[in-house]
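Notes to accompany the following structure.
The values are calculated or read from the model by the stated rules, or taken from the named source; none is laboratory data. Small disclaimer: the values here were computed from a predicted structure and weren't measured. Heads up, the Cβs are rebuilt from the backbone with ideal geometry, glycines too, and the neighbour counts pull from every protein chain shown. What goes into the accessible areas is simple: the full protein's heavy atoms, side chains included, and nothing from ligands, DNA or RNA. Shrake-Rupley method; radii C 1.70, N 1.55, O 1.52, S 1.80 Å.
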Amino acid sequence: MEQVYITTPLYYVNAEPHLGHTYTTVVADTLKRYFQSIDYEAFLLTGTDEHGDKIAQAAAANGSSPKEYADRISDLFRSTWDECGIAYDYFIRTTDTYHQEYVQKILQTIDDAGEIYFGEYGGFYCYGCERFYTEKELVDGKCPDHQTTPDYISEKNYFFRMSKYQERLIDEIQNKPNLIRPERYRTEVLAFLREPLEDLCISRPTSRLKWGIPLPFDANYVTYVWFDALLNYVSALNHRRGAALQDLWPKAQHLIAKDILKPHAIYWPTMLMAAGLPLYDHLNVHGYWVMDSGKMSKSLGNVIRPLDMKARFGMDAFRYFLLREMAFGQDAKFSEEALVTRINADLANNLGNLVSRVLAMQQKYFAGVVQSLDSEWAREDLELSAKFAQAETELNGFMAELQFHRALESVWSALDHANRYIVQTAPFTLIKDPTKQARVGAVLHHLLEAVRTLARLLAPFIPDTARELSALLALSDDALKTPWGQGFAAGHTVQAPRVLFPRIESDAKK
Ligand code: MSP
């Protein structure tokens, strides 16, 4: 069985789960479910990043110790993902003992290999990013991501000889064109690597920061954030799956947004090289969700919380919007108006109507009992099944490129075709003709096949709805996999329709 290992970033515990975190996590969950649907064994890791200055500062502002504070917010992330139905296999915290021990072990290995040295460095430090910036990287003297003026920090610290790995990293990226994808981010990384790479500062003196992992070779220093957090991707596997480090680790697909491209595309692979570990399989980078009012922030009061969205619109509707609206790799705009428009058009109208019309006719004309197919299929029957087969082929192609919105477009194009097939074949008119009863039974049978195919194809994206469709069709998961025309045994009875997605009236748009 083929394997895939999917990861989200470890989210900082200085903020509560919001739209941005939810998008990456929903994408990771969708990808896991998709891989399982094509018979892969998939392992999904998420968790929280808990060390460093900004967590220590947030805890102090909250009047709690860093650990108490981290416990509370980490629990909040975990329970949020549980309530959102995210099928993660393991949740790691960077304060977990095994993780800290693993980081120390790797630090020791790299130090023994002579890849760490002690030196003095001065640079512009952004606490938001928890990294140094070169003067060139700053825009008008500010961090381009946080728009804050970084502190100039100069002190003695430990450094990882990252510069040594520059050529090897360039080769790896050039030899494997989809190591970093989409292309625009690969290009950005290669452009960055045209300049000489600096070594990476990996420590803080305990006199200034205690909230980190002690260096195994100098108790006066801790490591934190990047050298600590990036190693989670292997420490978690090592802890949970032991031997899987050999087979599962090279199948790693990281999911991140563009804000943490440099640590994942440059620090992380060079750390892996120094530790003698293989590189990840893909670094998948998406864009940012922006609000009409600009960047999402607490101070602007425009933070979107996943559980609010779930309560108001339902988790599947929210998931659908996220996956359908953003082209993976590019930025997208979030607005409630766009969300409501999509739910009403795609889910309530197109999908909801198809399912309810088909089940209502099945109920009304045949008391829910599925009729047999014609021995010879009509041209429109063949076109309908071909359209769904085409949607599946396209979906597989788009999923391999993480083009979730295009995968959904393909499915919706088949769905639209099914709605047109109802108009073409007009079972509601044919039923009035006593000689056409068998044809009506066959037409509805094809439409039930369309709904059955939808239950299978949509399961990774909107899993609760897919389960609901299977329940309405009275079919098990296995029964979803058989070819078109073989899904329903003679005498099989399907259920009466239920409303899948109620239309949202415009007063909810506020
Ligand atoms: N702790 C580091 C990551 C360490 S990984 C070893 C970190 N944490 S974070 O809480 O700031 O999370 C950043 C990630 O959250 C982004 O890469 C992205 O996955 C998600 N997003 C946060 N805001 C976002 C948007 N506005 N839009 C899309 N995703 C964003 O960085």
Among (1) assigned to a loop (DSSP other than H, G, I, E, B); (2) farther than 30 Å from Leu200 by Cβ; (3) of a type in the set (S, T, N, Q), which single condition is Gln330 missing?
(2)
In the stretch 280-290, what count of residues is obtained for those that are open to solvent by 20 Å² or more (accessible area, probe 1.4 Å) and either over 16 Å from Glu172 (Cα atoms) or touching an Asp or Glu at 6+ places or on another chain (Cβ under 6 Å) (or both)?
2
If you go through the stretch 335-377, how many residues are assigned to a loop (DSSP other than H, G, I, E, B) and either open to solvent by 30 Å² or more (accessible area, probe 1.4 Å) or within 20 Å of Ala414 (Cβ to Cβ) (or both)?
8
Could you list all residues from the stretch 244-263 that are within 16 Å of the ligand (Cβ to nearest atom), assigned to a helix (DSSP H, G or I) and either free of Cβ contacts under 8 Å to residues at least 40 places away in the same chain or over 28 Å from Glu137 (Cα atoms) (or both)?
Trp249
If you check Leu307 against the conditions, is it open to solvent by 10 Å² or more (accessible area, probe 1.4 Å) and more than 13 Å from the ligand (Cβ to nearest atom)?
yes
For Tyr185: the one exception among (1) surrounded by 14 or more Cβ atoms within 10 Å (Cβ to Cβ); (2) free of Cβ contacts under 8 Å to residues at least 24 places away in the same chain; (3) farther than 26 Å from Ile110 by Cβ; (4) hydroxyl-bearing (Ser, Thr, Tyr)
(2)
Kindly evaluate Lys67 against the criterion of being in a helix (DSSP H, G or I) and away from the ligand (no atom under 12 Å from the Cβ).
yes
Hey, among the residues in the stretch 213-228 that are within 16 Å of the ligand (Cβ to nearest atom) and open to solvent by 10 Å² or more (accessible area, probe 1.4 Å), which one's nearest to Tyr158 (Cα to Cα)?
Tyr224
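Residue-wise test of (1) charged (D, E, K, R); (2) more than 20 Å from Val13 (Cβ to Cβ).
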| residue | (1), (2) |
| --- | --- |
| Glu183 | yes, yes |
| Arg194 | yes, yes |
| Cys201 | no, yes |
| Pro205 | no, yes |
| Tyr224 | no, no |
| Leu231 | no, no |
| Leu237 | no, yes |
Here are some residues: Tyr102, Tyr98, Tyr158. Which one is surrounded by 17 or more Cβ atoms within 10 Å (Cβ to Cβ), away from the ligand (no atom under 16 Å from the Cβ) and modelled with pLDDT of 95 or more?
Tyr158
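Conditions tested, residue by residue: (1) open to solvent by less than 10 Å² (accessible area, probe 1.4 Å); (2) in contact with an Asp or Glu (Cβ under 8 Å, 6 or more places away or on another chain).
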residue: Tyr12; (1), (2): no, yes
residue: Thr25; (1), (2): yes, no
residue: Asp39; (1), (2): no, yes
residue: Leu44; (1), (2): yes, yes
residue: Pro66; (1), (2): no, yes
residue: Ile73; (1), (2): yes, yes
residue: Leu76; (1), (2): no, yes
Answer with yes or no whether Thr30 is away from the ligand (no atom under 12 Å from the Cβ), part of a helix (DSSP H, G or I) and β-branched (Val, Ile, Thr).
yes
Only one of (1) of a type in the set (Val, Ile, Thr); (2) within 23 Å of Phe328 (Cα to Cα); (3) within 16 Å of the ligand (Cβ to nearest atom) is not met by Ile173, so which one is it?
(3)
Wholly enclosed helices (runs of 4 or more DSSP H) of the stretch 399-487 bearing at least 2 residues more than 21 Å from Gln362 (Cβ to Cβ) and open to solvent by less than 10 Å² (accessible area, probe 1.4 Å):
404-425
Confirm whether Arg241 is more than 12 Å from the ligand (Cβ to nearest atom) and touching a His at 6+ places or on another chain (Cβ under 9 Å).
no
Taking the stretch 488-500 and keeping only residues that are surrounded by 13 or more Cβ atoms within 10 Å (Cβ to Cβ) and closer than 24 Å to Ser375 by Cβ, one is left with Phe488, His492, Thr493, Val494
